[in-house]
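Input: a single structure, listed below in structure tokens.
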Amino acid sequence: MQLNITCIPGDGIGPEIVNEAKKVLNKVGQVYGHTMNFTDILMGGASIDVHGVPLTEEAVATAKAADAVLMGSIGGDTTTSPWYKLPPNKRPEAGLLAIRKALNLFANLRPAVLYHELAGACPLKEEISDKGFDIMIMRELTGGLYFGERKTEEVNGVLKATDTLTYDENEIRRIAIKGFDIAMKRRKKVTSVDKANVLDSSRLWRKVVEEVAKDYPEVTLEHMLVDNCAMQLVKDPSQFDVVLTENMFGDILSDEASMVTGSIGMLASASLNDTKFGLYEPSHGSAPDIAGKNIANPIATILSAAMMLRYSFDLDKEADAIENAVKQVLKEGYRTGDIMSEGCTKVLCDEMGNLLAERIK
């Protein structure tokens, strides 16, 4: 199979971690008989340095022509970098917002996985962390409160701010379908999170999700109010499989879920459109303070590559091979500096990439 992948190395540690992801993907190609065709484009500060803008039309065209996009990280030090003296629409992160819009990426996937070997980093009680967890937060990314009409006005001498939360049934249906499709690849359970006891938008959300659920009889659906979900994530995260929710709730809950894993350097993410196309990136930032030192943790990017194989190419065995390699390397006691603990072997960024590639079977 030919896999045409546009890569955005980006800024900071981005080029280092993307290089290791390519290394692992090439090994997957060798073992499973696929050809990886990588095309690099500039985005963020790297694009500003060359083109004067964070994203060019040519780069967008290249991304659209690919089967999927794999990204490292965008941005730099906001206090010292000259990029942040530019107008907001010319700064590195503007490129990320622009490419999400250009590619119509409405579904954000944020896995939160607690590996047994890293359970000690989990801030929850031992009896909770010992059970482990593997959650997929499915967040609607282009609607809701963040994209509704907003205004600030003076009314009778008092400043008044208004933000509008709006969803239509089509926006809800397409993210629900994605959520159920992904549940079918996992443990076949969807927890739909809303605030249906208060909000009309949530009542419509619940109605449409129930309609979509009828097409997935193998998937168990439960509804949960967002405040309860926030509590349950710290009480018993192992109960969740796919958490399906709207934009603002997903923004908050995905950050909460990532924190209970104890290590953001292990967390992948994906943003999908209404086809198999997606943009895959680690959840962490560009870490400019350690850029170029070969000490970054590439695992989040490599796990993002595994998500790309699973969701854009339907290559589940190949994705499993990468995820199993990560588990094996952790079991053998290899760690980058950010996840280092007593009794383990500390390795560099490229050494971690080599270890993972060697264990692809």
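The values are calculated or read from the model by the stated rules, or taken from the named source; none is laboratory data. Everything numeric here is computed off the predicted structure, so don't read it as measured data. Quick reminder, even Gly has a Cβ in these numbers, built from the backbone with ideal geometry, and neighbours come from all protein chains shown.
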Problem set entry | Only listed residue being acidic (Asp, Glu), on the phi < 0 side of the Ramachandran plot and in contact (Cβ under 8 Å) with a residue 24 or more places away in the chain, chosen from 320, 314, 289 | 289
Problem set entry | Qualifying positions in segment 275-299 - of a type in the set (A, V, I, L, M, F, W, C), closer than 22 Å to residue 113 by Cβ and surrounded by fewer than 24 Cβ atoms within 10 Å (Cβ to Cβ) | 287
For this session: Quick one: in segment 1-50, of everything that is closer than 30 Å to residue 83 by Cα and hydroxyl-bearing (Ser, Thr, Tyr), which residue is nearest to the chain's Cα centre (by Cα)?
Result: 6
Exercise. All but one of (1) touching a Ser or Thr at 6+ places or on another chain (Cβ under 9 Å); (2) in contact (Cβ under 8 Å) with a residue 60 or more places away in the chain hold for residue 238; which doesn't?
Worked result: (1)
Exercise. In segment 193-219, what residues are in contact with a Lys or Arg (Cβ under 7 Å, 6 or more places away or on another chain) and either outside the structural domain of residue 237 (by TED's automatic domain parsing) or small (Gly, Ala, Ser) (or both)?
Worked result: 196, 202
For this session: State which residue pairs qualify: first residue touching a residue at least 24 places away in the same chain (Cβ under 8 Å) and inside segment 26-41, second residue β-branched (Val, Ile, Thr) and assigned to a helix (DSSP H, G or I) in any location, beta carbons under 7 Å apart, and separation of 6 or more residues or different chains.
Result: 28/322; 34/28; 39/62; 41/62
Exercise. Within the group 179, 144, which residue is closer than 30 Å to residue 73 by Cβ, of a type in the set (Gly, Ala, Ser) and touching a helix residue (DSSP H, G or I) at 6+ places or on another chain (Cβ under 7 Å)?
Worked result: 144
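If you go through segment 327-361 one residue at a time, how many are among the polar types (S, T, N, Q), outside any helix (DSSP H, G or I) and touching a residue at least 40 places away in the same chain (Cβ under 8 Å)? Steps first, please.
Of all residues in segment 327-361, those among the polar types (S, T, N, Q) come to 328, 336, 341, 345, 354.
Going one step further and asking which of them are outside any helix (DSSP H, G or I), we end up with 336, 341, 345.
Cutting the leftovers down to touching a residue at least 40 places away in the same chain (Cβ under 8 Å) gives us 336, 341.
Number satisfying all stated conditions: 2.
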Exercise. In segment 235-312, which strands (runs of 3 or more DSSP E) lie fully inside it and hold 2 or more residues that are within 11 Å of the chain's Cα centre (by Cα)?
Worked result: 268-272, 278-282
Exercise. What is the one condition in (1) touching a residue at least 40 places away in the same chain (Cβ under 8 Å); (2) surrounded by fewer than 23 Cβ atoms within 10 Å (Cβ to Cβ) that residue 246 does not satisfy?
Worked result: (2)
Exercise. Taking the stated definitions as given, is residue 128 modelled with pLDDT of 95 or more, closer than 26 Å to residue 328 by Cβ and in the same structural domain as residue 164 (by TED's automatic domain parsing)?
Worked result: no
Exercise. Applying the selection to segment 82-100, what residues are without any contact (Cβ under 8 Å) to a residue 40 or more places away in the chain and either more than 26 Å from residue 290 (Cα to Cα) or surrounded by fewer than 16 Cβ atoms within 10 Å (Cβ to Cβ) (or both)?
Worked result: 82, 85, 87, 88, 89, 97
Problem set entry | Output for segment 164-187, where each listed residue is modelled with pLDDT under 95 and either part of a strand (DSSP E or B) or of a type in the set (Ser, Thr, Tyr) (or both) | none
Problem set entry | Test: residue in segment 149-159 that is in contact (Cβ under 8 Å) with a residue 60 or more places away in the chain, at negative phi and of a type outside the set (A, V, I, L, M) | no
Problem set entry | Every pair of residues 6+ apart whose Cβ atoms lie under 7 Å, when the first sits in segment 58-81 and is assigned by TED's automatic domain parsing to the domain that holds residue 22 while the second is hydroxyl-bearing (Ser, Thr, Tyr) and in a loop (DSSP other than H, G, I, E, B) | 67/312; 68/312; 73/286; 74/286; 75/286; 76/286
Exercise. Do the conditions hold for residue 168, that is, is it more than 30 Å from residue 65 (Cα to Cα) and without any contact (Cβ under 8 Å) to a residue 40 or more places away in the chain?
Worked result: no
